[in-house]
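A quick write-up on the structure given underneath.
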DNA sequence: TCAGAAATGATAGATATCAATCAAAATATA
DNA sequence: TATATTTTGATTGATATCTATCATTTCTGA
């Protein structure tokens with residue numbers, strides 16, 4: 001059997017079953033353990049399967065790298081996401097910024113009829129298979145860490161868009177305003193804000209009191225901020241003083 | 001955290017990533033190894049995940065969005081993809097059109113240093129996590145069936161791009177030229193052709209002799225066509241007569 | 001045909017995972 | 001409140017897998 005033939009066989013088996021043990025492969029392909037190991041090493045290296053201890057598993061086209069890595073305050077993020085999604089009415093147009101919380105928002109939107117604009121690969125991925133959602137993807141340079149599109153291409157694409165609401169996530173919030181860690185991202189988000197009538201910011205308690213590299217906007221640029229119950233009262237009143245509505249849990 | 005909540009979390013993570021190691025779960029859920037083991041045992045016993053040595057993998061159809069399990073001529077497509085990928089040299093810029101075959105091409109490119117431009121969500125997903133690849137995503141209306149961006153937004157974004165090679169897939173090939181099933185897609189692909197110096201078309205034997213709704217271009221617009229060994233000689237010579245190079249299996 | 005390169009199979013020590021067990025903590029029940 | 005039950009976390013010896021190495025075989029190109 002040729003090398004590529006054998007690897008193709010491994011690929012097929014893995015794809016069909018989702019997972020195979022190394023021993024199964026050794027038996028079925030009738031090659032030595034070492035050979036199969038080397039095949040797995042190669043196939044894993046080229047991104048075709050995922051090697052695991054004792055075998056290999058299939059790599060779907062799923063969200064892969066991005067999601068779930070930072071489960072910080074995930075509980076709070078989920079509750080915030082639910083509240084946010086409940087605000088969105090059928091038939092609306094909405095921009096969803098990239099982020100863990102906004103991805104959770106998207107999960108709650110899959111059954112509504114909406115026009116969604118997003119620069120986030122994970123969100124696009126989630127929504128693309130739902131035909132009730134008209135999905136407009138914002139392209140650009142893709143930032144590998146989070147899978148969002150950035151830069152001039154993204155900004156240009158956003159210029160021709162106008163929707164009712166923007167749901168935005170941020171890296172940090174201080175009395176100076178909103179922050180994110182990437183200047184290109186901030187440029188993109190500024191254009192998002194120009195393209196929407198109402199600016200909604202979702203922020204869990206971990207965001208307050210922290211700034212970041214790039215300043216996005218002052219607090220009063222927001223229309224509505226949605227937070228969890230663990231955000232100190234002092235922060236909420238500070239934001240309210242700027243004329244921004246604050247929606248908190250129950 | 002409640003028991004069921006924890007198990008749901010394991011389920012979610014497993015489903016999203018296809019596979020998780022036990023150690024990852026211990027870290028992210030912050031429970032003891034024993035507890036997670038017991039959870040996995042339970043979830044495996046009730047058929048919700050498949051337990052593997054060192055972790056767990058997702059069970060059930062890899063519904064993962066777009067890809068069609070019953071794709072025609074998958075073997076041939078894979079071999080064509082391999083040949084195509086071998087042509088691409090490190091440092092190049094390349095446009096990858098959406099399609100089953102081009103997705104396979106992308107799999108072979110993950111370890112090269114490249115600039116990749118694509119309008120395909122599945123391809124973007126695959127490549128986004130590889131930092132050696134500079135990924136530029138073409139946005140636009142997302143066609144739910146296949147997860148590719150189409151329309152004026154996509155065309156505009158492509159206008160400002162110029163790369164060495166375009167790898168394109170087609171719906172059908174006749175003596176009249178290349179076809180695809182969607183007019184918006186064809187408009188987008190026409191701009192792709194303008195944005196590349198060399199046009200490579202990948203086509204398995206199932207494509208020949210079939211036209212489709214929208215005419216893309218005449219045969220002589222191609223520079224190189226890559227086919228499998230089952231394409232009849234008559235088609236290959238027809239294409240060659242138009243001054244197009246044809247690369248076939250060995 | 002021959003030499004060099006690549007692929008293969010076997011082995012062994014190091015390392016990680018597993019199942020089983022038990023005590024402590026949390027929860028439920030009387 | 002006290003007791004029984006369940007859940008959890010830590011430990012341990014047994015077992016499986018991993019990496020690295022090396023001799024052998026197969027493939028490749030001059």
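Before moving on, here are some points about what is shown:
- When residue B:32 is tested against (1) surrounded by fewer than 21 Cβ atoms within 10 Å (Cβ to Cβ); (2) under 28 Å from the mean Cα position of the chain (by Cα), just one condition goes unmet, and that condition is (2).
- Scanning segment B:120-133 for residues that are crowded, with 24+ Cβ neighbours inside 10 Å, within 8 Å of another protein chain (Cβ to nearest Cβ) and not in a helix (DSSP H, G or I) yields a count of 0.
- Candidate set from segment B:7-28 (those that are over 30 Å from the mean Cα position of the chain (by Cα) and modelled with pLDDT under 80); member that is surrounded by the most Cβ atoms within 10 Å (Cβ to Cβ): B:28
- Any hit, segment B:102-115, residues being in a strand (DSSP E or B) and closer than 25 Å to residue A:119 by Cα: yes
- Unique residue being in contact (Cβ under 8 Å) with a residue 40 or more places away in the chain and at positive phi when the list is A:93, A:140, A:151: A:140
- If the condition is being away from DNA strand D (no atom under 13 Å from the Cβ) and either under 18 Å from residue A:52 (Cα atoms) or assigned to a loop (DSSP other than H, G, I, E, B) (or both), then segment B:29-50 contributes B:44, B:46, B:47, B:48, B:49, B:50.
- Restricting attention to segment A:134-145, the residues being assigned to a loop (DSSP other than H, G, I, E, B) and surrounded by 24 or more Cβ atoms within 10 Å (Cβ to Cβ) number 2.
- Summed over segment B:151-165, residues that are assigned to a loop (DSSP other than H, G, I, E, B) and exposed (fewer than 15 other Cβ atoms within 10 Å of the Cβ) total 2.
- So residue B:91, is it within 16 Å of DNA strand C (Cβ to nearest atom), at pLDDT 80 or above and surrounded by fewer than 19 Cβ atoms within 10 Å (Cβ to Cβ): no
- Count of segment B:203-250 residues, restricted to those that are in a helix (DSSP H, G or I) and under 23 Å from the mean Cα position of the chain (by Cα), is 3.
- Conditions (1) surrounded by 12 or more Cβ atoms within 10 Å (Cβ to Cβ); (2) away from chain A (no Cβ under 13 Å): number failed by residue B:4: (1)
- Taken over segment A:35-50, the criterion of being within 14 Å of chain B (Cβ to nearest Cβ) and crowded, with 18+ Cβ neighbours inside 10 Å is satisfied by A:40, A:43, A:47, A:48, A:49, A:50.
- Residue that is farthest from residue B:179 (Cα to Cα) [pool: residues in segment B:195-213 that are buried (at least 19 other Cβ atoms within 10 Å of the Cβ) and touching a strand residue (DSSP E or B) at 6+ places or on another chain (Cβ under 6 Å)]: B:196
- Of all residues in segment A:7-28, those satisfying the criterion of being more than 10 Å from DNA strand D (Cβ to nearest atom) and within 12 Å of chain B (Cβ to nearest Cβ) are A:7, A:8, A:9, A:11, A:12, A:14, A:15, A:16, A:17, A:18, A:19, A:20.
- Residue match in segment A:66-85 (condition: out of contact with any helix residue (DSSP H, G or I) (no Cβ under 8 Å at 6 or more places or on another chain), at the interface with chain B (Cβ under 8 Å from one of its Cβ atoms) and either within 29 Å of residue A:246 (Cβ to Cβ) or at pLDDT below 85 (or both)): no
- Residues in segment B:7-49 that are closer than 24 Å to residue A:103 by Cα and within 12 Å of DNA strand C (Cβ to nearest atom): B:20, B:21, B:24, B:25, B:26, B:27.
- Assessment of segment B:147-169 against the conditions (modelled with pLDDT under 85 and facing chain A (nearest Cβ under 8 Å)) yields no matching residue.
- Test result for residue B:43, in contact with a helix residue (DSSP H, G or I) (Cβ under 9 Å, 6 or more places away or on another chain) and either over 25 Å from residue A:123 (Cα atoms) or at pLDDT 85 or above (or both): yes
The values are calculated or read from the model by the stated rules, or taken from the named source; none is laboratory data. Predicted model, so just to flag it, every value in this text is computed and none were measured. We place every Cβ from the backbone using ideal geometry, glycine too, and count neighbours over all the protein chains shown.
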